1. Mind listing whichever residues of region 263-297 are closer than 15 Å to PHE81 by Cβ and either β-branched (Val, Ile, Thr) or modelled with pLDDT under 95 (or both)?
2. For region 74-93, which residues satisfy the criterion of being touching a residue at least 60 places away in the same chain (Cβ under 8 Å), within 17 Å of LEU104 (Cα to Cα) and either β-branched (Val, Ile, Thr) or not in a strand (DSSP E or B) (or both)?
3. Scan region 55-68 for residues that are surrounded by fewer than 17 Cβ atoms within 10 Å (Cβ to Cβ) and part of a strand (DSSP E or B) and jot them down.
4. Out of all the residues in region 281-302, which are among the hydrophobic types (A, V, I, L, M, F, W, C) and either part of a loop (DSSP other than H, G, I, E, B) or under 30 Å from TYR10 (Cβ atoms) (or both)?
5. Which one of PRO11, PRO71, PRO4 is in contact (Cβ under 8 Å) with a residue 12 or more places away in the chain, closer than 30 Å to ARG241 by Cα and either within 19 Å of the chain's Cα centre (by Cα) or part of a loop (DSSP other than H, G, I, E, B) (or both)?
6. Can you tell me which residue in region 240-254 is farthest from the chain's Cα centre (by Cα), limited to those that are of a type in the set (Asp, Glu) and either over 28 Å from PRO4 (Cα atoms) or part of a strand (DSSP E or B) (or both)?
7. Assess whether GLY40 counts as being in a loop (DSSP other than H, G, I, E, B) and buried (at least 19 other Cβ atoms within 10 Å of the Cβ).
8. Take VAL27 and tell me if it is touching a residue at least 24 places away in the same chain (Cβ under 8 Å) and in a strand (DSSP E or B).
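The values are calculated or read from the model by the stated rules, or taken from the named source; none is laboratory data. Predicted model only: the values in this text are computed from it and were never measured. Heads up, the Cβs are rebuilt from the backbone with ideal geometry, glycines too, and the neighbour counts pull from every protein chain shown.
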Amino acid sequence: MMNPELNHEYPEPGEAALIEKMVKLAVERMKPQQGRIRRGQHAKTTGCVRGEFTIHNDIADDLRFGIFQKPNQVYQAIIRFSNSSESINPDGMGDARGMAIKLLDVTGTPATPDTDNRCQDFLTINFPVFPFATPAEFVDFFDIRAMPFVGDPLAAAWLALSNYRHLNIAREILGEIVTSPLELTYWSGSPYWLGSPATANGHAVKYTLVPRFEETGPLQDPNSMPDDYLNQALARHLITREAVFEFRVQTQTDPIAMPVEDVSVVWDESVSKPIPVASLKIGMQDVDSPEGRSLAEECETMAFSPWNALAEHRPMGGINRLRQAVYLASQAKRAVKG
């Protein structure tokens with residue numbers, strides 16, 4: 001790739017075969033946990049809540065696409081907080097933390113043809129990048145992990161020897177002490193299109209969700225906390241007050257320094273400042289009430305995917321193309337609908 005252009009994708013040769021291999025690896029790793037087959041990633045829910053996603057009234061014209069077209073539009077949302085591991089582990093174990101947002105009753109042309117989704121999903125984690133740059137690296141790592149008995153230590157050694165920068169990303173993610181899912185900043189990690197579905201009028205963007213109030217509690221040793229302490233922290237917060245996140249869009253301004261196809265590279269927020277375009281309000285609610293528990297159960301039967309999206313917000317880059325196939329395979333094995 002000699003001269004990459006803004007807002008363009010550059011698939012690697014042989015990507016389709018890599019994706020097919022990753023689907024097989026991912027589905028084979030999905031095992032029953034606590035009575036049902038769980039998601040291949042983000043298996044453990046740390047909270048499922050209802051919220052409202054409100055579009056700002058001062059969005060610049062070049063960002064006014066898809067759900068951002070109509071000022072002051074309010075979408076009802078279901079928000080799932082999670083730990084990213086494929087296993088259900090105590091919350092004190094190091095992990096990436098996820099926030100998946102599903103906007104309901106969204107109208108428009110879906111990013112995936114011949115689907116009838118009426119939702120717009122945004123999937124984010126509490127770190128600005130992923131520890132793997134491309135589908136090839138992602139598949140290599142999971143291929144090594146699949147080796148019987150020695151897979152995990154060999155995968156760690158492979159990262160240390162051949163991808164030390166990515167190992168440091170993983171260490172930073174796993175080393176962060178988290179007190180509540182409602183007190184974290186979340187990033188999309190991977191890029192998305194924001195623009196016309198039919199023309200080049202638009203931007204490659206990434207998303208950020210920033211809590212309006214960061215009221216971090218006293219730091220404690222996570223290993224001394226209950227296995228579900230993140231869910232307990234969320235429940236304590238929402239029984240007495242709301243939580244609000246500002247949703248921001250960061251546009252690609254340099255195709256080399258801010259690549260679409262390498263999701264291990266940070267898009268410098270001092271060079272391209274994320275722009276507020278919406279707010280997510282999670283109102284007071286009792287997650288331990290019958291209604292709250294019913295919603296939590298509904299969340300476990302739902303599918304959150306980057307490709308549950310309007311064409312104006314279609315995912316971009318190799319990792320997102322891989323995620324499309326992997327998420328559909330995971331969804332099929334869990335036998336749930338989008």
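1. Result: ILE282, VAL287.
2. ILE78, ILE79
3. none
4. Within region 281-302, the subset among the hydrophobic types (A, V, I, L, M, F, W, C) is 282, 284, 287, 295-296, 299, 302.
Result: MET284, VAL287.
5. Among PRO11, PRO71, PRO4, only PRO71 is in contact (Cβ under 8 Å) with a residue 12 or more places away in the chain, closer than 30 Å to ARG241 by Cα and either within 19 Å of the chain's Cα centre (by Cα) or part of a loop (DSSP other than H, G, I, E, B) (or both).
6. Taking region 240-254 and keeping what is of a type in the set (Asp, Glu), we get 242, 246, 254.
Going one step further and asking which of them are either over 28 Å from PRO4 (Cα atoms) or part of a strand (DSSP E or B) (or both), we end up with 242, 246.
Working: GLU242: 22, GLU246: 16 Å.
Step by step, filter region 240-254, then rank; the result is GLU242.
7. Details: in a loop (DSSP other than H, G, I, E, B): yes; buried (at least 19 other Cβ atoms within 10 Å of the Cβ): yes.
The answer is yes for GLY40.
8. Details: touching a residue at least 24 places away in the same chain (Cβ under 8 Å): yes; in a strand (DSSP E or B): no.
When the stated conditions are applied, VAL27 does not pass them.
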